[in-house]
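Notes follow the structure.
The values are calculated or read from the model by the stated rules, or taken from the named source; none is laboratory data. Please read all numbers here as calculations on a predicted model, not as lab measurements. With ideal geometry, Cβ positions are generated from the backbone for all residues, glycine too; neighbour counts draw on all protein chains shown.
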Amino acid sequence: MFKKIKYFLVFNVLSFLLINTFANSDSHNISELLQIIQKDLKTLEKAVYSNSSSNDLNLSSSSMDQNSEEVLTRHLLKLSEIENQFQELTNKFEEINFKLDKLSNRLSKSQADNQLRFQQLENNTVSLNTNQNSVAKIKKEDQVLPGASQPQDLGSISYKDTETKQENQEIQSVETTNTVVTETFVSEEKILPEGTASEQYEFATSFLKVGDYNMAERAFREFVQRNPEHDLAGNAQYWYAETFRIRQLFTDAASAYLEGYQKYPKSQKAPINLLKLGVSLVQIGEKDQGCLMISGVKKEYPKANQSVLQKAKYEEKKFECKKEES
């Protein structure tokens, strides 16, 4: 387009020169004019070609600039994409670090909790082993079990001592069987250590903790016999009855609960003692008496612990005890 404009301008110049030459033809020869015009045309052609070449160079340089700009743009786009990817990777890395910190905190907490629990378990096992060792030591050293003593000479009986002159042997029989006298076995062997009543009570309780209910029975019975007026006597009588209930000896348990209810009606364990007495009576077949004892817990001990009163209400419904008619 630019070249066409230049050619148009050249044509106008030439036309202007021709008009001028023909207008002045009188003073010059035509041949001379034509030579001048040819020279001018050559000069114009050179000028046009030189301008066109310079314009071509400018166009080539502009095209090169455009190509370089496109390449630069592509590189900038790639750089921006790489920058975005790097930013995403950085965010993910920070998120992973945050999660790792959380996990490390949880692990440290769990390790501390486990260590504390292991210490508690070790302390419990040490105390349990100590109690067991003390019980075993008492059994081995201090106690002399029945029948473990050396045999003794009880004397001898001769044949003459049994000799009689009667022809008929006399037969002795029991005249009446209306009453049967039972004797309570009193152990002569002492298992409680010397010391205060509180120390003896703790010693008897240690047998319950290790599950030795036979020794607990003997220890609590001896405590009640040695300290019948002590404040802990009612509690000892209750735990004495509990040793039978745990072993499902409900008849012995009912007898022991009844003794505790009669002797220690104002002790700390009196409400639960009365409740266990009623339950034991129901279990041995005395439902009416047992229900009477269970329903009497709330009447005799209205200020007892709520757990005991709730338990009494539960046992009353469980055994379908009939309420007394007012």
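Miscellaneous remarks
- Across region 301-326, the number of residues qualifying as under 43 Å from the mean Cα position of the chain (by Cα) and either among the charged types (D, E, K, R) or farther than 18 Å from Y238 by Cβ (or both) comes to 14.
- The condition of being surrounded by fewer than 18 Cβ atoms within 10 Å (Cβ to Cβ) and either among the basic types (K, R) or not assigned by TED's automatic domain parsing to the domain that holds E242 (or both) holds for only one of K269, K276, K313, that being K313.
- Selected residue (only one of D231, D252 is part of a loop (DSSP other than H, G, I, E, B) and either assigned by TED's automatic domain parsing to the domain that holds Q306 or without any contact (Cβ under 8 Å) to a residue 60 or more places away in the chain (or both)): D231
- When G296 is tested against the conditions (1) under 15 Å from A312 (Cα atoms); (2) surrounded by 21 or more Cβ atoms within 10 Å (Cβ to Cβ), the lone failure is (2).
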